[in-house]
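Colleague: What follows is a structure written as structure tokens; I'll ask about it next.
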Amino acid sequence: MAADPIKIGVDGPFTGGSSSMGVSMRDGVRLAAEEINKSGGVMGRQIQLVERDDEGKNERGVQIAQEFINKEKVVAVVGYINTGVALASQRFFQDAKIPVLNNVATGSIITHQFDKDPENYVFRNAAHDSIQAPMIVEEAVTRRGYKKVAILADSTNYGQLGREDLEKALKAKGITPVAVEKFNIKDVDMTAQLLKSKEAGAEAVLTYGIGPELAQIANGMTKLGWKVPIIGSWTLAMANFIDNAGPGGDGARMPQTFIQEPTTPKRKAFIDNFVKTFKPKNNRMDSPVSAAQGYDSIYLLAAAIKQAGNTEGPKIKAALEDLKTPVEGVVTTYTKPFSKDDHDAITANIPVFGEVKGGRVIFANAEDQKSAGTVRLKK
Amino acid sequence: MQILTQLIFSGIALGMIYAVIAFGYQLTFATSDTLNFGQGDALMLGALVGLTLVGLGVNYWLMIPIVCLFGAVQGAVVERIGVRPAIKIKSEFGWIMSTIALGIIFKNVAENVWGRDDLKFPSPLPESPLKFLNANVLPMEILVVGGALLMMLAVEFFNRKTIYGKAVVATFNDRDAAKLMGINTGLVITFSYALSSMTAAFAGVLIAPLTLTGATMGAVLGLKAFAVAIIGGLTSGMGIVVGGIILGIAETTTGFYLSTGYKDVPGLVLLLIVLAVRPAGLFGKTAIKKV
């Protein structure tokens with residue numbers, strides 16, 4: 001008799017404005033689960049994915065969390081794209097002692113939501129905002145020498161938490177942004193925000209938002225005939241930014257943990273397999289970062305379950321905090337990625353800068369391109 | 001000065017986007033005292049059908065009449081299954097729920113057909129801005145303003161000068177009397193719904209190159225347009241244009257001079273003031289309703 005499958009919940013927005021991240025993440029997760037199952041599964045048991053679409057809505061996320069725990073009885077959860085949804089849903093898994101592996105959401109506080117509890121069941125393998133914001137500032141201020149910068153952030157949890165991180169990072173360099181502007185999801189006119197930044201003499205625009213509205217920023221710049229560099233969070237790599245901004249989006253730079261280039265055999269196999277299985281438009285992954293991190297999250301989890309020899313939440317959590325064997329992923333090779341006090345697998349030295357060029361994201365810096373074959377390890 | 005000109009130009013373009021959608025609210029209100037709360041979704045369907053046609057290789061200008069025809073059919077369907085039963089049983093509010101419900105259904109259908117991602121609508125005009133009074137204007141924005149005005153003028157002309165239009169006006173003034181005079185008021189109301197969805201579909205393809213196109217594009221725009229219809233007055237085409245421009249300019253100037261975080265506030269405050277002081281809207285006619 002075949003052993004019961006191991007149920008893993010997959011939660012993300014598969015529809016809506018963030019769906020290019022959600023769907024890519026899901027596809028990465030599917031790919032990893034399929035590979036593991038083909039090679040015999042974990043402890044002789046197959047992985048079964050339970051996928052749910054949270055539509056980027058906090059209340060859907062909460063419903064799904066309860067369904068995962070009470071009805072589906074999943075042993076662990078991977079996913080969460082939207083910081084707000086993650087923060088709203090994690091409480092339930094924390095109480096039920098089920099590990100959550102955030103593979104995309106970047107809000108800095110996600111892994112620290114339960115710092116006060118004795119045990120923390122929330123992990124992450126994504127570059128959080130306290131890594132990204134200083135990187136953005138480093139690129140704009142130190143490397144490219146802009147002293148006057150404007151911040152444009154959306155009015156969601158994601159945008160506003162990111163704005164705080166950006167302001168903090170700027171302050172560390174002794175710089176106050178010349179303009180700090182807000183916009184709402186679905187805004188179609190960015191004239192006021194851009195004019196204010198332009199009038200304040202901004203030499204670069206730092207962004208924290210998601211694809212569609214970021215594209216409106218680029219389009220608004222084209223309209224005003226004002227061309228300054230856009231540097232922002234990793235979401236500038238979203239397909240719906242690149243496609244909707246068109247030539248106006250060229251040159252936008254953002255931190256990336258993964259760029260769709262076959263720089264190592266492992267990455268080449270992943271990209272080839274992904275393109276072959278899901279056939280994305282123009283062979284371009286909609287969100288390579290989400291796909292790669294989604295893919296890695298399943299391998300991390302599988303390694304932890306194998307080490308725990310058991311599917312009980314506390315055991316998996318203990319194994320994650322003390323992974324004995326390194327896990328070779330496509331973002332990095334995870335050697336002791338987590339510890340009791342550190343639930344973030346990605347450190348500041350791992351992401352590199354990507355740049356939008358001709359409808360794709362490429363390495364922004366030549367030296368990163370050259371050294372891309374060497375896997376950057378957690379420090 | 002240059003900044004103010006730029007803000008006003010952008011505000012006018014934005015306001016006209018709201019106004020073309022709001023115009024559709026006014027059309028059905030004029031004949032049947034009912035509104036199509038799915039107006040934003042009619043706009044979205046028009047834009048997405050237009051996008052598909054353009055994707056199939058149909059020329060932008062040729063695509064417009066096809067989309068208008070589609071919009072007309074869609075509007076007639078909404079009236080037949082959503083509004084007519086409510087009017088027949090003299091339900092005061094049934095049409096509200098049914099038009100909202102149909103709007104949700106259309107949105108869900110669109111999500112299944114076109115997905116929920118925002119798509120780019122290729123612009124038929126050059127995307128580089130023109131200089132005008134020292135401010136930048138996109139050729140597409142001029143097309144939106146011009147197209148919207150032309151459309152409203154065409155409908156106004158129809159209502160005032162043609163015999164069919166007179167039937168519409170008569171139905172608006174007194175539905176029962178018009179019926180006694182031999183006007184097929186049911187048909188007139190269906191027609192007004194078809195016309196209103198047609199204008200929405202037309203508005204959709206007109207504004208789509210400026211906004212992004214997607215199943216959820218109607219929600220925010222439809223709501224803003226509703227505010228415009230209330231501010232301007234639901235009985236006045238002129239009021240719709242003025243209301244739209246007021247809201248558009250209010251948004252861009254507040255965003256610049258006050259704070260971009262409060263961009264949406266003055267428009268809605270204005271809405272409340274208008275409702276408190278002149279409930280029929282700035283240009284609306286107040287009619288005494290006998291009960």
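The values are calculated or read from the model by the stated rules, or taken from the named source; none is laboratory data. Owing to the predicted nature of the structure, the values given are computational and were not obtained by experimental measurement. No Cβ is skipped: glycine too gets one built from the backbone with ideal geometry, and neighbour counts run over all protein chains shown. Remember, those area values only see protein heavy atoms, side chains included, never the ligands or the DNA or RNA. Shrake-Rupley method; radii C 1.70, N 1.55, O 1.52, S 1.80 Å.
Colleague: In segment A:48-57, how many residues are part of a strand (DSSP E or B) and within 14 Å of chain B (Cβ to nearest Cβ)?
Modeller: Residues in segment A:48-57 being part of a strand (DSSP E or B) and within 14 Å of chain B (Cβ to nearest Cβ): 1 in total.
Colleague: Now a separate question. Give the residues of segment A:163-205 that are of a type in the set (S, T, N, Q) and open to solvent by less than 10 Å² (accessible area, probe 1.4 Å), sorted by residue number.
Modeller: Scanning segment A:163-205 gives A:THR191, A:GLN193, A:SER197.
Colleague: Here is a further query. Assess whether A:THR235 counts as being of a type in the set (Val, Ile, Thr) and surrounded by fewer than 19 Cβ atoms within 10 Å (Cβ to Cβ).
Modeller: The answer is no for A:THR235.
Colleague: Looking at the structure I just gave you, is B:ILE189 touching a helix residue (DSSP H, G or I) at 6+ places or on another chain (Cβ under 7 Å), away from every other protein chain (no Cβ under 14 Å), outside any helix (DSSP H, G or I) and in contact (Cβ under 8 Å) with a residue 12 or more places away in the chain?
Modeller: no
Colleague: Also: If I go through segment B:272-291 residue by residue, how many of them are at pLDDT 85 or above and open to solvent by 30 Å² or more (accessible area, probe 1.4 Å)?
Modeller: The qualifying residues number 6.
Colleague: Within the set of pairs 6 or more residues apart or between chains, which connect a residue that is in contact (Cβ under 8 Å) with a residue 60 or more places away in the chain inside segment B:44-66 to a residue that is polar (S, T, N, Q) with Cβ atoms less than 6 Å apart?
Modeller: B:ALA47/B:THR213; B:LEU51/B:THR213
Colleague: Restricting attention to segment A:1-34, which residues are over 25 Å from A:ASN70 (Cα atoms), of a type outside the set (A, V, I, L, M) and either more than 14 Å from chain B (Cβ to nearest Cβ) or surrounded by fewer than 17 Cβ atoms within 10 Å (Cβ to Cβ) (or both)?
Modeller: A:ASP27, A:GLY28, A:GLU34
Colleague: What pairs come out if I take residues in segment B:155-171 that are farther than 15 Å from B:GLY237 by Cα and pair them with residues that are assigned to a helix (DSSP H, G or I) and modelled with pLDDT under 85 whose C-beta lies under 7 Å away, six or more apart or interchain?
Modeller: Between residues of segment B:155-171 that are farther than 15 Å from B:GLY237 by Cα and residues that are assigned to a helix (DSSP H, G or I) and modelled with pLDDT under 85, the close pairs are B:THR171/B:THR31.
Colleague: Within segment A:3-47, track down each residue that is in a loop (DSSP other than H, G, I, E, B) and without any contact (Cβ under 8 Å) to a residue 12 or more places away in the chain.
Modeller: Passing the criteria: A:SER39, A:GLY40.
Colleague: So, in segment A:35-50, how many residues would count as being exposed (fewer than 15 other Cβ atoms within 10 Å of the Cβ) and charged (D, E, K, R)?
Modeller: 1
Colleague: Please state which of the following conditions A:ALA319 fails to meet, knowing it meets all the rest: (1) under 21 Å from A:ARG124 (Cα atoms); (2) of a type in the set (A, V, I, L, M); (3) touching a residue at least 40 places away in the same chain (Cβ under 8 Å).
Modeller: Evaluating A:ALA319 over (1) under 21 Å from A:ARG124 (Cα atoms); (2) of a type in the set (A, V, I, L, M); (3) touching a residue at least 40 places away in the same chain (Cβ under 8 Å) leaves (3) as the failure.
Colleague: Moving on. Kindly indicate the residue of segment B:83-108 that is aromatic (Phe, Trp, Tyr) and surrounded by 13 or more Cβ atoms within 10 Å (Cβ to Cβ) and also nearest to the other protein chains (Cβ to nearest Cβ) among those meeting that condition.
Modeller: That would be B:PHE106.
Colleague: Also, I was wondering about something else. For segment A:134-154, what are the residues that are in contact (Cβ under 8 Å) with a residue 60 or more places away in the chain and open to solvent by less than 20 Å² (accessible area, probe 1.4 Å)?
Modeller: Correct list: A:ILE136, A:VAL137, A:GLU139, A:ALA140, A:LEU152.
Colleague: If I go through segment A:342-376 residue by residue, how many of them are within 30 Å of A:GLU321 (Cβ to Cβ), open to solvent by 30 Å² or more (accessible area, probe 1.4 Å), touching a residue at least 60 places away in the same chain (Cβ under 8 Å) and out of contact with any helix residue (DSSP H, G or I) (no Cβ under 6 Å at 6 or more places or on another chain)?
Modeller: 1
Colleague: Counting only residues that are open to solvent by less than 30 Å² (accessible area, probe 1.4 Å) and more than 17 Å from the chain's Cα centre (by Cα), which one in segment B:215-252 is farthest from the other protein chains (Cβ to nearest Cβ)?
Modeller: B:ALA250
Colleague: Same structure again: Could you count how many residues in segment A:166-194 are under 15 Å from A:LYS148 (Cβ atoms), facing another protein chain (nearest Cβ under 9 Å) and not in a strand (DSSP E or B)?
Modeller: Qualifying residue count, segment A:166-194: 0.
Colleague: Give me the residue from segment B:172-184 that is in contact with a Ser or Thr (Cβ under 8 Å, 6 or more places away or on another chain) and without any contact (Cβ under 8 Å) to a residue 60 or more places away in the chain and, out of that set, most open to solvent (accessible area, probe 1.4 Å).
Modeller: The residue in question is B:LYS179.
Colleague: Among the listed residues A:GLN260, A:GLN160, which satisfies the condition of being among the polar types (S, T, N, Q) and crowded, with 24+ Cβ neighbours inside 10 Å?
Modeller: A:GLN260
Colleague: Sticking with this structure for a sec: Test each condition in (1) assigned to a loop (DSSP other than H, G, I, E, B); (2) within 14 Å of chain B (Cβ to nearest Cβ); (3) farther than 28 Å from B:ALA225 by Cα; (4) not β-branched (Val, Ile, Thr) for A:ARG163 and report the one that comes out false.
Modeller: (1)
Colleague: In addition: When residues of segment B:109-124 are filtered for being touching a residue at least 40 places away in the same chain (Cβ under 8 Å) and either at the interface with another protein chain (Cβ under 7 Å from one of its Cβ atoms) or open to solvent by 40 Å² or more (accessible area, probe 1.4 Å) (or both), how many remain?
Modeller: 10
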